[in-house]
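K.L.:
Below are the structure tokens for one structure; questions will follow.
The values are calculated or read from the model by the stated rules, or taken from the named source; none is laboratory data. As the structure is a computational prediction, the values presented were derived from the model and not from experiment. Neighbour counts run over all protein chains shown; Cβ positions are idealised from the backbone, glycine included.
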Amino acid sequence: MTSTSNAAIAGGSLRPAVVLGGNRIPFARAHGAYTGASNQDMLTSTLEGLIARFGLQGEQLGEVVAGAVMKHSADFNLTRESVLGTSLAAHTPAHDVQTACATGIETVGGVANKIRLGQIDSGIGGGVDTISDAPLAFNSDARELFMQLNRARTTQDKIKVAMKLRPKHFAPLAPQAGEVRTGLSMGEHQALTTHDWGVTRQEQDEIAMNSHNNMAAAYEEGFFNDLMTPFRGLDRDNNMRPGSDLESLGKLRIAFGKQLGEEATMTAGNSTPMTDGAAAALLSSEEWAETNNLPILAEFMDFEVAAVDFVNGEDGLLMAPTYAIPRILDRHGLGLDDIDFFEIHEAFAGTVAATMKALADEDYNKNVLGRDKALGQIDPTKLNVKGSSLAAGHPFAATGPRIVASLSKMLHEKGPDSLGLISVCAAGGQGAVALLRGR
Amino acid sequence: METPNIIDSDPKPESLRIVSVQETPSLTSSYGKVAASVVRPKKPIAVSLPGTCWQTTDVISRQLVDDYNSLLGASGSVGHNSAPSLTAHITAFSLSTAMMAERDFPLPLLGMVHLQHKVWHMSDIPIGQPLRIATWAQNLAPHHAGTTVEIWVQIFDPTTDKLLWQSMALYLSRSVQLPGAEQPQRPQRERFQPPAITAQWHLPKDIGRRYGAVSGDRNPIHLSNITAKALGMPGAIAHGMYAAGRMLAGRETTAPYTWAIEFASPMRLPAKVAVNYHQADDLELITGWNARKDKLHFTAEIRLH
């Protein structure tokens with residue numbers, strides 16, 4: 001620590017954590033362009049792109065924090081191994097985080113908090129996920145047999161155990177798409193919430209159309225030029241469909257909530273597909289940015305997590321951000337009207353619509369959130385203005401850092417003291433939201 | 001919201017003759033015994049219950065609790081050395097079944113339909129410690145499809161004689177009519193209106209064998225299509241008590257509480273069961289059904305006291 005004053009954790013005062021920029025590789029639809037690329041490959045490339053952009057070769061950063069939702073057991077030190085594969089100084093520590101789709105907000109938020117406390121001066125928060133190289137495991141019966149085999153001492157005992165092996169023991173166990181406690185897939189859960197909130201097919205298709213068209217426009221204006229490095233032949237997200245329209249989206253068949261019959265509204269067009277990719281954001285103290293002559297885009301002010309009771313059907317699985325958003329805004333004395341950009345992660349268009357409806361609903365605010373009145377309406381012209389997950393795709397842990405980097409740049413372009421709010425829902429009925437201020 | 005419609009009955013073991021059993025026969029031997037008698041079936045006229053109360057001393061083993069939890073998931077906040085509610089049923093079930101397999105029991109064991117089950121979980125039940133178990137049959141009653149009987153179980157702490165747990169299972173025998181009793185009308189059932197799906201169970205085709213291995217209940221109707229068809233079923237069905245275990249998983253709480261389940265139609269394996277959990281204060285209602293056919297499988301409740 002070269003700073004002259006005490007770190008906050010040692011009795012000094014808190015200091016701002018600022019975002020200097022970010023990097024990601026284009027996101028690719030699963031089992032496509034990135035087939036054969038591992039989490040470590042993608043995270044290392046993403047970090048190396050960030051290092052190159054900010055001239056950090058040979059630098060020792062305070063810490064690199066990243067994670068993957070779907071991780072091979074051998075990748076227990078995924079982030080540290082990735083850091084060792086980059087040109088950062090080998091003395092840069094790293095750790096892994098996993099909180100489902102909120103992982104990426106938690107990694108960035110953790111780095112920001114350490115910077116604010118004066119424990120580190122600089123750091124990277126990141127995330128990566130692959131569906132194409134998802135971990136497959138032996139089923140529990142087979143694991144038990146292999147463990148018995150391992151424990152067997154004599155050849156005779158080993159043969160006895162080996163004789164018990166059957167073809168069924170070699171059927172791999174794939175990661176579950178369903179919620180562990182309910183057995184319902186995330187899409188089926190969202191279909192219930194979408195239906196409860198009376199979100200129409202048209203509302204969802206409009207959110208999807210805007211996401212694709214906003215992101216295509218952002219690519220056209222070069223917005224992503226300093227936020228992305230090409231990877232394996234891709235230079236933009238291959239899920240994005242420029243020129244999306246309501247007519248073609250309206251023709252798609254129902255994918256989730258089929259039991260709702262005529263009232264089902266969710267399709268592959270207004271739901272985010274499985275995606276591979278990685279993203280990272282560079283954060284530091286103001287002093288570190290100045291010393292290294294790097295411009296500041298935004299301040300990472302705060303983040304908040306929440307969880308809901310979806311197991312008994314009282315709350316929608318993906319509605320935790322509706323609890324976290326009022327809490328973080330209250331803490332800073334802000335209202336929805338103060339926010340210039342809303343980045344609501346589009347797990348499904350229905351999630352975005354239901355979140356907005358819930359925040360504006362008097363009953364929900366009073367009876368569920370325990371507030372005296374509705375938080376208010378979110379201006380749709382401020383929502384996901386550079387596109388979001390429906391267009392880019394959603395490699396689970398990578399979504400948080402993707403949004404932090406993009407939003408920081410948007411806020412910097414908007415001007416000092418502009419405000420941005422991020423909302424990311426997650427499996428397990430959890431969610432994370434974050435508040436950023438432009439510089 | 002669907003609620004289980006459980007008969008209102010009180011345990012009446014007082015005037016019964018005690019039959020003390022040193023070692024409970026295994027379920028498989030009981031089934032074998034009655035399978036042999038299929039050749040020479042009981043007369044299809046029920047007369048009366050044997051008037052006995054079977055008693056034994058047994059333990060809920062740690063092994064059973066571990067196997068049960070690994071099949072069904074943790075039971076909930078039942079405490080460190082406290083047995084999940086269904087392991088008490090499993091431990092007592094072989095005694096009840098041995099009693100029902102006796103020649104003087106008026107209803108044939110095989111082909112008996114489990115209609116409903118209610119459990120009063122009054123106190124924590126210690127694992128691995130001796131328990132006094134009593135079981136008896138009461139209330140032979142006419143039913144629109146045959147004759148029903150209540151099988152009761154009570155589990156006591158043998159040193160204090162404190163009643164820890166009791167259950168009432170209602171079974172139907174289709175092949176037996178009570179002499180002289182008037183056959184009640186089939187009650188009008190309202191068409192099942194499925195509630196919202198809040199969970200879904202995927203029951204694999206070997207779940208009958210798996211639950212059979214844990215519980216010892218290897219009734220052939222649960223094991224495979226072939227063995228089930230041999231007993232006149234269209235195919236293997238899940239154990240009703242497996243559904244009870246599933247609906248209780250993670251929801252058991254500190255005693256006292258009661259739970260009950262009423263079975264409407266069997267779950268043919270493999271099965272995809274749509275489930276609704278609905279909580280209202282101290283009562284949780286659980287409904288399970290086939291979403292493709294809108295056909296009710298069961299309704300259940302867990303009630304805190």
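K.L.:
Which numbered condition trips up residue A:260, out of (1) surrounded by fewer than 21 Cβ atoms within 10 Å (Cβ to Cβ); (2) of a type in the set (A, V, I, L, M); (3) away from chain B (no Cβ under 14 Å)?
P.N.:
In the conditions (1) surrounded by fewer than 21 Cβ atoms within 10 Å (Cβ to Cβ); (2) of a type in the set (A, V, I, L, M); (3) away from chain B (no Cβ under 14 Å), residue A:260 misses (3) alone.
K.L.:
Does at least one position in segment A:8-17 carry a residue that is at pLDDT 95 or above, more than 22 Å from residue A:303 (Cβ to Cβ), of a type in the set (D, E, K, R) and touching a Ser or Thr at 6+ places or on another chain (Cβ under 7 Å)?
P.N.:
Checked against the condition, which is being at pLDDT 95 or above, more than 22 Å from residue A:303 (Cβ to Cβ), of a type in the set (D, E, K, R) and touching a Ser or Thr at 6+ places or on another chain (Cβ under 7 Å), segment A:8-17 yields no hits at all.
K.L.:
If you don't mind, another one. How many of the residues making up segment B:218-236 are within 19 Å of residue B:174 (Cβ to Cβ) and in contact (Cβ under 8 Å) with a residue 12 or more places away in the chain?
P.N.:
First, pick out the residues of segment B:218-236 that are within 19 Å of residue B:174 (Cβ to Cβ): B:219-222, B:228-235.
This time we only want the ones that are in contact (Cβ under 8 Å) with a residue 12 or more places away in the chain, so: B:219-222, B:231-235.
Counting residues in segment B:218-236 that are within 19 Å of residue B:174 (Cβ to Cβ) and in contact (Cβ under 8 Å) with a residue 12 or more places away in the chain gives 9.
One line per residue, one yes/no per condition, for (1) of a type in the set (Lys, Arg); (2) crowded, with 23+ Cβ neighbours inside 10 Å; (3) within 19 Å of residue A:242 (Cα to Cα); (4) away from chain B (no Cβ under 14 Å):
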site: A:182; (1), (2), (3), (4): no, no, no, no
site: A:202; (1), (2), (3), (4): no, no, yes, yes
site: A:208; (1), (2), (3), (4): no, yes, yes, yes
site: A:215; (1), (2), (3), (4): no, yes, yes, yes
site: A:221; (1), (2), (3), (4): no, no, yes, yes
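Yes/no per residue for (1) within 14 Å of another protein chain (Cβ to nearest Cβ); (2) small (Gly, Ala, Ser); (3) touching a strand residue (DSSP E or B) at 6+ places or on another chain (Cβ under 6 Å); (4) under 17 Å from residue A:424 (Cβ atoms):
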site	(1), (2), (3), (4)
A:241	no, no, no, no
A:245	no, no, no, no
A:256	yes, no, yes, no
A:290	no, no, no, no
A:304	no, no, yes, yes
A:309	yes, no, no, no
A:326	no, no, no, yes
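K.L.:
Select from segment A:117-149 the residues that are without any contact (Cβ under 8 Å) to a residue 12 or more places away in the chain and not in a helix (DSSP H, G or I) and list them in ascending order.
P.N.:
Across segment A:117-149, there are no qualifying residues.
K.L.:
Given the condition surrounded by fewer than 18 Cβ atoms within 10 Å (Cβ to Cβ) and touching a helix residue (DSSP H, G or I) at 6+ places or on another chain (Cβ under 8 Å), answer yes or no: does some residue in segment A:272-290 qualify?
P.N.:
No - not one qualifying residue is present in segment A:272-290.
K.L.:
Considering each of A:90, A:74 in turn, give the residue that is out of contact with any Asp or Glu (no Cβ under 8 Å at 6 or more places or on another chain) and modelled with pLDDT under 95.
P.N.:
Numbers: A:90 fails: modelled with pLDDT under 95.
Just one listed residue meets the conditions, A:74.
K.L.:
Which one of the conditions (1) surrounded by 13 or more Cβ atoms within 10 Å (Cβ to Cβ); (2) within 21 Å of residue A:74 (Cα to Cα); (3) within 14 Å of chain B (Cβ to nearest Cβ) does residue A:140 fail to meet, given that it meets all the rest?
P.N.:
It is condition (1) that residue A:140 fails.
K.L.:
Then there is this: Is it the case that some residue within segment A:292-312 is at pLDDT below 95, assigned to a loop (DSSP other than H, G, I, E, B), crowded, with 18+ Cβ neighbours inside 10 Å and in the same structural domain as residue A:428 (by TED's automatic domain parsing)?
P.N.:
At the first step, the residues of segment A:292-312 found to be at pLDDT below 95 are A:309-312.
In the following step, the residues that additionally are assigned to a loop (DSSP other than H, G, I, E, B) were identified as A:309-312.
Those still in the list that are crowded, with 18+ Cβ neighbours inside 10 Å too: A:310-311.
Retained after the next criterion (residues that are in the same structural domain as residue A:428 (by TED's automatic domain parsing)): A:310-311.
Yes, because at least one residue in segment A:292-312 is at pLDDT below 95, assigned to a loop (DSSP other than H, G, I, E, B), crowded, with 18+ Cβ neighbours inside 10 Å and in the same structural domain as residue A:428 (by TED's automatic domain parsing).
K.L.:
Turning to a different aspect of this structure: Out of B:276, B:219, B:225, report the one residue that is under 25 Å from residue B:190 (Cα atoms) and at pLDDT below 95. Steps first, please.
P.N.:
Working: B:219 fails: under 25 Å from residue B:190 (Cα atoms); B:225 fails: under 25 Å from residue B:190 (Cα atoms).
It is B:276.
K.L.:
Any idea which of A:35, A:79, A:107, A:46 is among the β-branched types (Val, Ile, Thr), out of contact with any Gly (no Cβ under 8 Å at 6 or more places or on another chain) and either at pLDDT 95 or above or within 28 Å of residue A:239 (Cα to Cα) (or both)?
P.N.:
Working: A:79 fails: out of contact with any Gly (no Cβ under 8 Å at 6 or more places or on another chain); A:107 fails: out of contact with any Gly (no Cβ under 8 Å at 6 or more places or on another chain); A:46 fails: out of contact with any Gly (no Cβ under 8 Å at 6 or more places or on another chain).
Only one candidate passes the filter, namely A:35.
K.L.:
Out of everything in segment A:313-322 that is among the small types (Gly, Ala, Ser) and within 14 Å of chain B (Cβ to nearest Cβ), what residue ends up being surrounded by the most Cβ atoms within 10 Å (Cβ to Cβ)? Talk me through it step by step, then tell me what you get.
P.N.:
First, the residues of segment A:313-322 that are among the small types (Gly, Ala, Ser): A:313, A:316, A:320.
Cutting the leftovers down to within 14 Å of chain B (Cβ to nearest Cβ) gives us A:313, A:316.
On the way: A:313: 22, A:316: 25.
If we take residues in segment A:313-322 being among the small types (Gly, Ala, Ser) and within 14 Å of chain B (Cβ to nearest Cβ), then A:316 is surrounded by the most Cβ atoms within 10 Å (Cβ to Cβ).
K.L.:
Tell me, which strands (runs of 3 or more DSSP E) wholly within segment B:201-305 include 1 or more residues that are within 14 Å of chain A (Cβ to nearest Cβ)? Lay out the reasoning, then the answer.
P.N.:
Details: elements: B:257-263, B:271-280, B:283-290, B:295-304.
Counting at least 1 such residues, we get B:271-280, B:283-290, B:295-304.
K.L.:
Then there is this: Which of the residues spanning segment A:105-149 are within 15 Å of the chain's Cα centre (by Cα) and among the acidic types (Asp, Glu)?
P.N.:
Correct list: A:106, A:129.
K.L.:
Considering only segment A:246-262, I want to know if a residue exists there that is among the β-branched types (Val, Ile, Thr) and farther than 27 Å from residue A:20 by Cα.
P.N.:
In the first step, residues of segment A:246-262 are kept if they are among the β-branched types (Val, Ile, Thr); the result is A:254.
Now drop any that are not farther than 27 Å from residue A:20 by Cα, which leaves A:254.
Yes, segment A:246-262 has at least one match.
K.L.:
Out of A:366, A:357, A:386, report the one residue that is of a type outside the set (A, V, I, L, M) and free of Cβ contacts under 8 Å to residues at least 40 places away in the same chain. Break it down stepwise before answering.
P.N.:
Numbers: A:357 fails: free of Cβ contacts under 8 Å to residues at least 40 places away in the same chain; A:386 fails: free of Cβ contacts under 8 Å to residues at least 40 places away in the same chain.
Just a single option satisfies the conditions, and that option is A:366.
K.L.:
Which condition breaks for residue B:254 when tested against (1) touching a Pro at 6+ places or on another chain (Cβ under 9 Å); (2) modelled with pLDDT under 90; (3) of a type in the set (Ser, Thr, Tyr)?
P.N.:
Against the list (1) touching a Pro at 6+ places or on another chain (Cβ under 9 Å); (2) modelled with pLDDT under 90; (3) of a type in the set (Ser, Thr, Tyr), residue B:254 comes up short only on (1).
K.L.:
Among the residues of segment B:180-216, which ones are of a type in the set (Asp, Glu) and at pLDDT 90 or above?
P.N.:
Looking only at segment B:180-216, we keep the residues that are of a type in the set (Asp, Glu), and these are B:182, B:190, B:206.
The one that is of a type in the set (Asp, Glu) and at pLDDT 90 or above: B:206.
K.L.:
Take residues that are in contact (Cβ under 8 Å) with a residue 24 or more places away in the chain and either closer than 30 Å to residue A:48 by Cβ or within 21 Å of the chain's Cα centre (by Cα) (or both) and tell me which of the helices (runs of 4 or more DSSP H) falling wholly in segment A:150-245 contain 3 or more.
P.N.:
Working: elements: A:155-162, A:186-196, A:201-220.
Once the helices (runs of 4 or more DSSP H) in segment A:150-245 are filtered for at least 3 residues that are in contact (Cβ under 8 Å) with a residue 24 or more places away in the chain and either closer than 30 Å to residue A:48 by Cβ or within 21 Å of the chain's Cα centre (by Cα) (or both), what remains is A:186-196, A:201-220.
K.L.:
Is it fair to say residue B:164 is within 14 Å of chain A (Cβ to nearest Cβ), under 20 Å from the mean Cα position of the chain (by Cα) and among the aliphatic types (A, V, I, L, M)?
P.N.:
no
K.L.:
What number of residues within segment B:98-120 are within 17 Å of residue B:60 (Cβ to Cβ) and of a type in the set (Val, Ile, Thr)? Give the steps one after another, and end with the answer.
P.N.:
Step one: list which residues in segment B:98-120 are within 17 Å of residue B:60 (Cβ to Cβ), which gives B:119-120.
Narrowing the set further to residues that are of a type in the set (Val, Ile, Thr) leaves B:119.
The total comes to 1.
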